[in-house]
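The values are calculated or read from the model by the stated rules, or taken from the named source; none is laboratory data. Fair warning: this is a prediction, and the values are worked out from it, not measured in the lab. Don't worry about glycine lacking a Cβ; one is built from the backbone with ideal geometry, like all the others, and counts go over all protein chains shown. Ligands, DNA and RNA are excluded from the accessible area calculation, which covers all protein heavy atoms including side chains. Shrake-Rupley method; radii C 1.70, N 1.55, O 1.52, S 1.80 Å.
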Amino acid sequence: MQTLLYDLRHALRQLRKTPGMALLAVITLALGVGANTAIFTVIESVLLRPLPYTPRDRMVYISPPGDKPSFASTSWLNYRDIRSQSKLLQDTAGYSEDGSVLETQDTSQSVAAPHVTTNLFPMLGVRPMVGRSFSDAEGQSGGPLAVMLSEGLWRQSFHADPGIVGQVVKIGGQLRTVVGVMPQSFRFPEELGSDLQKGVWVPLQPTAEMLKDRGYDFFNIVGELRRGASIAQAQQELDAIAAHIPREADESVIKFRVSSYQEVLTGPMRPVLYALFGALGLVLLIACANVSNLLIARCLGRQQEFAVRAALGARRMRLIRQMASEGLALSLLGSGAGILLAQMAIVGIQKLPQDTIPRGDAIAIRWTIVLVLAVVAIITTALSSLLPALLVSRTHPQAALQAASRGVGSRTVGGKLSGALVAAEVALSTLLLIGTGLLFHTLWNLEQSRLGFETANLTSFIAMPADAAGFSAMAVSEDTANAPPSVATLTYQPVLNRMRQVPGVVQAALATAPPLSGMDLGSSFEIVGQAKDPANPAHARVSAVSGDYARTMGTPVIRGRMIADDDVASRPFVTVINEALAKKYFAGKDALGQQINLGGKETGMIKPYTVVGVLGDQVDRNVGGDIQPFILLPQEQIPTTSLFYQALLKTMVTFVVKTRGNIPVAAEMRSVFHQLAPGFALDNFKTMQEAVEQNTFSQRLGLYLVGSFAGLAVMMVIAGLYGVLSQLVSYRRREIGVRMALGATRQSVATMVLRHGSILIGSGLGAGLLLAFATGRLVRSFLYQLHPLDVWTYLSVVVVLPVVGLIAALLPARKAASIQPMQALRED
């Protein structure tokens, strides 16, 4: 240890002699190490760190089968069968992703209100900070109405009242007794994100509909694997359970998928984070190559020193250890600065829009990150010091002292190593530049893709009725003779009429699932007169809309007509479908005049709907994503006794307002609701342009990050190439002087230097293109309407890199051309 400290002190003294080189090396390593530390911190916190619940890595999510793990819902009856029959699941719990309205003395506000089974909190191993968890009785049908508050809501709306337990609050139009307050750190279901920071939890009480209909798919199932059991074993057990579930002859086959809950939660971010980590790994390699080049340059400049020391008896291992010590000193300084940069980067990451990264609030540098950083420091030391140390080990005193009078050049071992490192930097930079080009082209394609609606001067917001009960309390009423009046007739239509009279408003419409809203209510349906296929039932997303919806959104009607305000309950029931549904289920037929059945008595949608129009496709969940079949229903033609009425109109609806200019409408819309519907909670005001930008945010962020990495890599290439060529000119001064004394022109000398730089750039570019060809399939999932081997992207890189390389070579070439022959010869 004492020897190591001595070597480090000596290395620092040596580095002080060349402060410019040392500073450049430290900055280079700091950028590479800092960026890698930041992204690894995100990966460790989001993907690798176990969930903060008792099951940890044994927590699973059970869903219908699909191409990828997702938070797809199933039914209460499936949950009941799995919980009672599974032997490999130590416990099974469930929840529904609901929202509701909290009414206080001051105002009404929308809150996330997941309905949970009473055993969920004990299974997760969490306890309330105030009060108690739900009792079994509160989870029974007709049981006591209870609620648990989040700490954020307790502090904001109830002023952190220590006597909150036992108080009665009004949520979803019902009076509920507060039984507990959950700590701020608790946020389950995790997929609801930051909404739960000021949310509530309600005990799920199964309704009659849930207890009789296996197709009532509004329920999410989580479980805890027994110790020693694997997901594969649990999958086999659930396959056996599904095979023994009785079903009707016309029902589809029941299947389940078992996945890690953490994998389902973080699945969309995994490839993005790993891709960024890979890109930053390339940056770190380039940084190490640059530092190695700097040390090689120092090593070549100190060859006489090493030769003298070797001649005086210094052992080869001692010289190698000295070079390694200098590399270690640079790595430690670079890693220390890298930690500061990483901390700054994490602060920036935490300022991203909420829920951009799942579990983003858990991102922090921990001791595990410090250990990884120590490993990174060792690796960077080895990578940056290995070649200079090998070069020192090959030092022969006599040859080195003789070379002092001749100079050294590109043909020496050191010159070849430096050139090879620069070529490697160019190859890695080529990969990053091609990745940047592909992401830029993808983002361009997304921005130019057909949205199916206009974005200019269009604002949307959510309205939720005070008595919104959520998806967990829906039921079909058979008392159609005493059906209550529709909220669409009593509230929504009068509100729309008043909105259209607001100064500056051109049009206004209602839609329960407009584009990019995140609302996703789907249903199976039948086409009257066509045979039903139980194995592949027809399925579409469903939305209730008002008249003027198509005009407000700027979406064309392809055939027929659009839903109008006079499509009321007393008129024939009509529907409009999108192009995707017409092509999929009415291929080769005219969809107009066809009738669609949405479940009949089972759903309360007794009357069939006649197709009167085909609407142009609108983007669905994601810009550039697949367009799903869509059914649009008039808001006033949805029976109030049906499940669709409660799911579409009695939960939350979206209003879309088109204005004459880019003007804010929140104050005016709140005023309209305050006058006509004071119990409604309004939230999430945003323009459609903002919705599009939020939806493509991850692609833009990826482009900015990878573009930054590529820019950093190119700067390192410029520095590396400049350093190598400058070194070449410095060590060949005498040779260049002789050439010019014998008649060589300044132009030929400059061309010689530029040729050498072109060879390095060309060889690195060729190797980089081959690497890009080989790894093209790895980036396919990130691209939209673009092939990984896009010709224009590759051509752009082939043009840009040589230009950049020539720019970096110009100064050394000019320096070589300005050498005075007599002065160069006199120096020896």
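Which of (1) part of a loop (DSSP other than H, G, I, E, B); (2) open to solvent by less than 20 Å² (accessible area, probe 1.4 Å); (3) of a type outside the set (Lys, Arg) does VAL753 not meet, given it meets every other one?
So the condition that VAL753 fails would be (1).
Residues of the range 572-601 being surrounded by 16 or more Cβ atoms within 10 Å (Cβ to Cβ) and modelled with pLDDT under 85, which ones?
Within the range 572-601, GLY599 is the sole residue that qualifies.
Looking only at the range 88-113, how many residues end up being part of a loop (DSSP other than H, G, I, E, B) and touching a helix residue (DSSP H, G or I) at 6+ places or on another chain (Cβ under 7 Å)?
Summing the residues that are part of a loop (DSSP other than H, G, I, E, B) and touching a helix residue (DSSP H, G or I) at 6+ places or on another chain (Cβ under 7 Å) in the range 88-113 gives 4.
Exactly one of (1) at pLDDT 80 or above; (2) open to solvent by less than 10 Å² (accessible area, probe 1.4 Å) is unmet by PRO485. Its number?
(2)
Of everything in the range 309-339, what is among the aliphatic types (A, V, I, L, M), modelled with pLDDT of 75 or more and open to solvent by 10 Å² or more (accessible area, probe 1.4 Å)? Give them in sequence order.
LEU332, LEU333, ALA337, ILE339
In the range 497-520, is there at least one residue being open to solvent by 30 Å² or more (accessible area, probe 1.4 Å), over 30 Å from GLY679 (Cβ atoms) and out of contact with any strand residue (DSSP E or B) (no Cβ under 9 Å at 6 or more places or on another chain)?
no
State whether the residues of the range 133-148 include one that is outside any loop (DSSP other than H, G, I, E, B) and more than 24 Å from ASP91 (Cα to Cα).
no
Of all residues in the range 83-112, which are under 25 Å from the mean Cα position of the chain (by Cα) and open to solvent by less than 50 Å² (accessible area, probe 1.4 Å)?
Scanning the range 83-112 gives TYR95, SER96, ASP98, GLY99, VAL111, ALA112.
Of ALA342, ALA242, which residue is at pLDDT 70 or above, within 28 Å of the chain's Cα centre (by Cα), assigned to a helix (DSSP H, G or I) and not aromatic (Phe, Trp, Tyr)?
Within the list ALA342, ALA242, the selection yields ALA342.
Against the conditions (1) more than 23 Å from THR459 (Cβ to Cβ); (2) crowded, with 16+ Cβ neighbours inside 10 Å; (3) of a type in the set (Asp, Glu), where does ASP548 fall short? Just the number, please.
(1)
Mind checking which residues of the range 200-220 are of a type outside the set (Asp, Glu) and touching a Ser or Thr at 6+ places or on another chain (Cβ under 6 Å)?
Answer for the range 200-220, where residues must be of a type outside the set (Asp, Glu) and touching a Ser or Thr at 6+ places or on another chain (Cβ under 6 Å): PRO203, LEU204, GLN205, PRO206, ARG214, TYR216, PHE218, PHE219, ASN220.
Give me a count of the residues in the range 201-239 that are more than 30 Å from LEU153 (Cβ to Cβ) and not in a helix (DSSP H, G or I).
Matching residues across the range 201-239 total 9.
Of (1) outside any loop (DSSP other than H, G, I, E, B); (2) farther than 14 Å from LEU102 by Cα, LYS170 satisfies all except one. Which?
Evaluating LYS170 over (1) outside any loop (DSSP other than H, G, I, E, B); (2) farther than 14 Å from LEU102 by Cα leaves (2) as the failure.
Check off (1) open to solvent by less than 40 Å² (accessible area, probe 1.4 Å); (2) under 22 Å from GLY125 (Cα atoms); (3) within 27 Å of the chain's Cα centre (by Cα) for GLN197 and give me the number that stays unchecked.
That leaves (1) as the condition not met.
Which of the residues spanning the range 438-477 are open to solvent by 20 Å² or more (accessible area, probe 1.4 Å) and touching a helix residue (DSSP H, G or I) at 6+ places or on another chain (Cβ under 8 Å)?
Matches in the range 438-477: LEU439, PHE440, HIS441, LEU451, GLU454, THR455, ALA456, ALA469, PHE471, ALA473, ALA475, VAL476.
With the structure loaded, tell me whether GLN402 is assigned to a helix (DSSP H, G or I), modelled with pLDDT of 75 or more and either open to solvent by less than 20 Å² (accessible area, probe 1.4 Å) or not aliphatic (A, V, I, L, M) (or both) or whether it fails that test.
No.
Does any residue in the range 521-534 that is over 26 Å from PHE219 (Cβ atoms) come within less than 9 Å, Cβ to Cβ, of a residue that is small (Gly, Ala, Ser) six or more places away or on a different chain, and which pairs are these?
These pairs meet every condition: ILE527/ALA538; GLN530/ALA538.
ARG80 passes all but one of (1) under 24 Å from the mean Cα position of the chain (by Cα); (2) surrounded by fewer than 22 Cβ atoms within 10 Å (Cβ to Cβ); (3) part of a helix (DSSP H, G or I); which number fails?
(1)
Residue-by-condition table, conditions (1) free of Cβ contacts under 8 Å to residues at least 24 places away in the same chain; (2) assigned to a helix (DSSP H, G or I); (3) not basic (Lys, Arg):
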residue: PRO128; (1), (2), (3): no, no, yes
residue: GLY152; (1), (2), (3): no, yes, yes
residue: ARG155; (1), (2), (3): yes, yes, no
residue: VAL165; (1), (2), (3): no, no, yes
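Within the range 176-200, how many residues are in a loop (DSSP other than H, G, I, E, B) and of a type in the set (D, E, K, R)?
Qualifying residue count for the region: 1.
Looking at this structure, is MET605 surrounded by 14 or more Cβ atoms within 10 Å (Cβ to Cβ) and either more than 22 Å from LEU643 (Cα to Cα) or touching a strand residue (DSSP E or B) at 6+ places or on another chain (Cβ under 6 Å) (or both)?
No: the conditions fail for MET605.
Of ARG257, ARG227, which residue is open to solvent by 70 Å² or more (accessible area, probe 1.4 Å) and at pLDDT 80 or above?
Answer to the check: ARG227.
Need the failing condition index for ARG132 against (1) modelled with pLDDT of 90 or more; (2) surrounded by 14 or more Cβ atoms within 10 Å (Cβ to Cβ), just the number.
(2)
For LEU649, only one of the following conditions fails: (1) within 23 Å of GLN493 (Cβ to Cβ); (2) modelled with pLDDT of 90 or more; (3) of a type outside the set (Lys, Arg). What is its number?
(2)
Return the residue satisfying two criteria in turn: it lies in the range 165-182 and is over 15 Å from SER133 (Cβ atoms) and in contact with a Ser or Thr (Cβ under 6 Å, 6 or more places away or on another chain), and of such residues it is surrounded by the most Cβ atoms within 10 Å (Cβ to Cβ).
Checking each candidate, the answer is GLY172.
From the set of residues in the range 696-718 that are open to solvent by 40 Å² or more (accessible area, probe 1.4 Å) and under 10 Å from the mean Cα position of the chain (by Cα), which is modelled with the highest pLDDT?
This residue is PHE697.
Give SER472, SER477 a once-over and let me know the one that is under 26 Å from LEU682 (Cβ atoms), in contact with a Ser or Thr (Cβ under 8 Å, 6 or more places away or on another chain) and modelled with pLDDT under 85.
SER472
State whether one or more residues within the range 641-653 are part of a helix (DSSP H, G or I) and of a type in the set (Ser, Thr, Tyr).
yes
Are there any pairs with C-beta distances below 6 angstrom linking a residue in the range 677-700 that is under 21 Å from ALA463 (Cα atoms) and part of a helix (DSSP H, G or I) to a residue that is modelled with pLDDT of 85 or more and hydrophobic (A, V, I, L, M, F, W, C), with the two at least 6 apart or on different chains, and if so which?
Listed pairs, sorted by first residue: MET688/LEU458.
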